[in-house]
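Quick notes on the structure that follows.
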Amino acid sequence: MEHEDRSLVLIVDDDDSVRSMMVQILSLFSAIDCVEAPNAAKALDAIRGGGVDAMVLDDFLGLERGIDVYRRALTIDPGLRGRVLFTSGKTFDRDNQDFFKSENLRFLSKPFMIEDFVSAVKSLLGGKMAS
């Protein structure tokens, strides 16, 4: 259920339990609504539907890389630039780190602290964050 005064964050992760945990954390600790996507296709469909204020994106979605999904997402909604948090249970390689820096993107390694996750998502939303 969307509310005009609440932010909408798209959570993209192919692991159902991780995705569900992220949604639960954001709903318990902040005034953020979430929509979930288990893969790139569903994530891009959600973005096409409009209203997504920020995205939490796993860097490894089965056969797809988060960076590729990010690039395609920006062609649909350029307003997502700077509003994406990458997550991964794997170590980010040097190329990824360079890409994140060049695009001014944030990332968190899994597992992460709840406070770090909530803070990172809120920082993506900036002035859009409901009080």
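Bear in mind that the values in this text are calculations on the coordinates, not laboratory data. Just so you know, these numbers come straight off a predicted model, no measurement behind them. Using ideal geometry, Cβ is built from the backbone for each residue, glycine included, and neighbour counts are taken over all protein chains shown.
Structural remarks
- Separation of the Ala31 and Arg48 label points, Cα + 7 Å toward Cβ, nm: 3.3
- Projecting the Cα atoms of Ile76, Phe86, Gly62 onto the dipole axis of segment 47-90, where Lys and Arg carry +1 and Asp and Glu carry -1 at the beta carbon, places Ile76 farthest toward the positive end.
- Share of alpha-carbon pairs per 10 Å distance bin for segment 7-126, given as whole %: 14, 53, 32, 1
- Beta bridges per DSSP, both residues in the chain: antiparallel share near 10 percent.
- Pairwise label distance in nanometres, Gln24 with Arg72, each label 7 Å out on the Cα-Cβ vector: 3.0
- Mean Cβ neighbour count within 10 Å, used as a protection proxy, ranking 49-58, 98-107, 11-20 highest first: 49-58, 11-20, 98-107
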